[in-house]
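First comes the structure, then the notes that go with it.
The values are calculated or read from the model by the stated rules, or taken from the named source; none is laboratory data. All values reported here derive from a predicted model rather than from experimental measurement. All Cβ positions, even for glycine, are placed from backbone atoms using ideal geometry, and neighbour counts span all protein chains on display. Protein only, heavy atoms only, side chains kept; ligands, DNA and RNA dropped before computing areas. Shrake-Rupley method; radii C 1.70, N 1.55, O 1.52, S 1.80 Å.
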Amino acid sequence: DEKRHSALQPLNAKIRAIGLATTEWSVSVMWNLLNARAKRLIAAVLADPLIRKVMHNGPLYDVPVLRRHGMPVRGRVEDTMLMHHSAFPGLAHKLQRVATQFFAISPWKAEFRAKDDTPEDLTKYCALDTLTTARLYAPLTIAIQKTSSDRTYEIDLKMAEIADFMHGVGVPVSREVNQELYDRFARNMRIHRTVIEEKANSPEVRERVWERLA
């Protein structure tokens, strides 16, 4: 629906598959195949504040999507995208690009997009995503330490938390204050535009500009 936000936004995203991983293994399953007990077990893991969760772009995407589907994530969430952003701010931070920086791994995302998107393809893709994310945490932790960017990372995590809250509840806006700011801005624009135009239209300045252009 062109008039609605896309599924890439957590407000509208549906869960097709879910994956869990440690650094040793990963497992992925289609969401509609999970029974109620399996979903309760996954929800319990996500809600346990003593279990550290590692995600890639988790605070701004996975966490709100899971919360909307009745699986709130509690406790600290480490985010490999924000870790990479803090340690290597000039590089691309997409998962596959980050992974190839540390591991010799095939371009699984491009391979997946080239297929027919069967449930088998999707669950394998999801499992590779989660396993890669789990394994990236250790080298990115070292990179954070070597670049002394731990403070930046903590600030990024907090900003992501605030952004998630703002996205969920909105941002309070006063129309009166907004109009006052607009009127002040428009007034200043008129004043400064008049000053600039007076200087630009003076014969001396115009002659110098024409000479430079010539």
Under Stokes-Einstein, the stretch 65-170 at 25 °C and 0.890 mPa s, with its Kirkwood radius over C-alpha pairs, diffuses with a coefficient in µm²/s of 158
Ordering VAL98, VAL173 by the accessible surface of their heavy atoms, 1.4 Å probe, largest first, yields VAL173, VAL98
Mean accessible area per residue over the chain (1.4 angstrom probe, all protein chains present, square angstrom) is 71
With GLU154 itself left out, Lys, Arg at +1 and Asp, Glu at -1 over residues whose Cβ is under 12 Å from its Cβ give -2
Taking only the alpha-carbon positions of the stretch 52-117 as identical scatterers, the Debye log10 I(q)/I(0) at q = 0.20, 0.21 Å⁻¹ comes out as -0.92, -0.96
Across the chain, qualifying lysine pairs (alpha carbons under 16 Å, at least 8 places apart or different chains) come out at 5
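Tell me the carbon and sulfur percent of the accessible area for the chain, rounded to whole percent, probe radius 1.4 Å. Present the calculation step by step, with values, prior to reporting the outcome.
Numbers: 8720 of 15250 Å².
Carbon with sulfur: 57 percent of the solvent-accessible area.
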Ranking SER202, GLY58, GLN101 by how far each Cα lies towards the positive end of the charge dipole of the chain (+1 on Lys and Arg Cβ, -1 on Asp and Glu Cβ), the top one is GLY58
Working note, the stretch 110-214: Cα radius of gyration (Å, one decimal) and Dmax (Å, whole number) are 27.8, 75
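With viscosity set to 1.306 mPa s at 10 °C, what whole-number translational diffusion coefficient in µm²/s follows for the stretch 1-95 from Stokes-Einstein and a Kirkwood radius over Cα pairs? Write out the running numbers ahead of the final one.
Working: Rh = 14.8 Å.
After rounding, the answer is 107 µm²/s.
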Which of [x] 20.6; [y] 15.8; [z] 13.1 is the computed mean projected area of the Cα convex hull in nm²? It is [x]
